[in-house]
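One structure is given here, and the rest of the page talks about it.
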Amino acid sequence: MTRNEGTEKLVLLLSGPNLDLLGTREPEVYGTDTLADHVERARVAAEKRGYGLEHVQSNHEGDLIEAIHGARGRCAAIVINAAAFTHYAWGIHDALAAYDGPVIELHISNPYTREAWRHETVVAPVATGSVCGFKGLGYEIAVDGVIRLLEEGAGE
Ligand code: DQA
């Protein structure tokens, strides 16, 4: 896979609802790292490979949709933890479907070991790959992985 036409060496990281509460929100599930801690690790991972990182967090679906629109033709890849929107927000699905580059679905926990309603994902059908269950390591794994896909290809 090569970088989508005309884009910058820039990864857009998107964070959905309630992720702004990380650090104090259900620490037994999500740990005690704040969103700023996760984003910083993602930024370091991107910079190690010569990429920049842009981050948008919102509790509103429309804000995330507009951020996805703004990435078209500009950002080389999207990493998205859509949080609860993952499970029902078809507007995000459609926005991602209209985006040209690789999309990585990210979760801190492993939704498949949790309640049944978390097993449904509207992001996965339009994602290149998924990273879930790696807790605090997930952000850097997802960012590093998607840049390697862009720069080195998938190894076939
Ligand atoms: C989450 C998992 C979702 O099911 C949940 O609604 C979240 C966080 C995660 O990172 O593990 O808010 O996306």
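The values are calculated or read from the model by the stated rules, or taken from the named source; none is laboratory data. Predicted model, so just to flag it, every value in this text is computed and none were measured. Here the Cβ positions follow ideal geometry from the backbone for every residue, glycine too, while neighbour counts run over all protein chains shown. The protein model used for the area step is the full one, side chains on, heavy atoms only, and it has no ligands, DNA or RNA in it. Shrake-Rupley method; radii C 1.70, N 1.55, O 1.52, S 1.80 Å.
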Checklist line | Residue that is least open to solvent (accessible area, probe 1.4 Å), among those in segment 114-123 that are among the aliphatic types (A, V, I, L, M) and either within 11 Å of the ligand (Cβ to nearest atom) or not in a loop (DSSP other than H, G, I, E, B) (or both) | finding: VAL123
Note to self: So for segment 93-102 (the condition being open to solvent by 40 Å² or more (accessible area, probe 1.4 Å), hydrophobic (A, V, I, L, M, F, W, C) and either at positive phi or within 14 Å of the ligand (Cβ to nearest atom) (or both)), does at least one residue qualify?
What the structure shows: no
Margin query: If a residue must be in contact (Cβ under 8 Å) with a residue 60 or more places away in the chain and either within 16 Å of the ligand (Cβ to nearest atom) or assigned to a helix (DSSP H, G or I) (or both), how many such residues does segment 4-21 contain?
Written below: 7
Checklist line | Residue under evaluation ALA67, criteria (1) small (Gly, Ala, Ser); (2) over 20 Å from LEU35 (Cβ atoms); (3) in contact with a strand residue (DSSP E or B) (Cβ under 7 Å, 6 or more places away or on another chain); (4) part of a helix (DSSP H, G or I), criterion not met | finding: (2)
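Per-residue answers, yes or no, for (1) under 22 Å from ASN4 (Cα atoms); (2) at pLDDT 95 or above; (3) crowded, with 16+ Cβ neighbours inside 10 Å; (4) more than 10 Å from the ligand (Cβ to nearest atom):
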{"position": "VAL79", "(1), (2), (3), (4)": "yes, yes, yes, yes"}
{"position": "GLU105", "(1), (2), (3), (4)": "yes, yes, yes, no"}
{"position": "PRO125", "(1), (2), (3), (4)": "yes, yes, no, yes"}
{"position": "ILE141", "(1), (2), (3), (4)": "yes, yes, yes, yes"}
Next item on the list: Could you tell me whether any residue of segment 28-35 is surrounded by 15 or more Cβ atoms within 10 Å (Cβ to Cβ) and either in contact with a Pro (Cβ under 6 Å, 6 or more places away or on another chain) or outside any loop (DSSP other than H, G, I, E, B) (or both)?
Entry: yes
Check: Only one of (1) within 12 Å of the ligand (Cβ to nearest atom); (2) more than 14 Å from the chain's Cα centre (by Cα); (3) of a type in the set (A, V, I, L, M, F, W, C) fails for ALA36. Which number is that?
Finding: (1)
Margin query: With of a type in the set (D, E, K, R) and part of a strand (DSSP E or B) as the only criterion, which of GLU54, GLU40 stands out?
Written below: GLU54
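A quick yes/no check of all residues on (1) in contact (Cβ under 8 Å) with a residue 40 or more places away in the chain; (2) within 15 Å of LEU14 (Cα to Cα); (3) outside any helix (DSSP H, G or I):
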position: PHE85; (1), (2), (3): yes, yes, no
position: GLY91; (1), (2), (3): no, yes, no
position: ASP100; (1), (2), (3): yes, no, yes
position: TYR112; (1), (2), (3): no, no, no
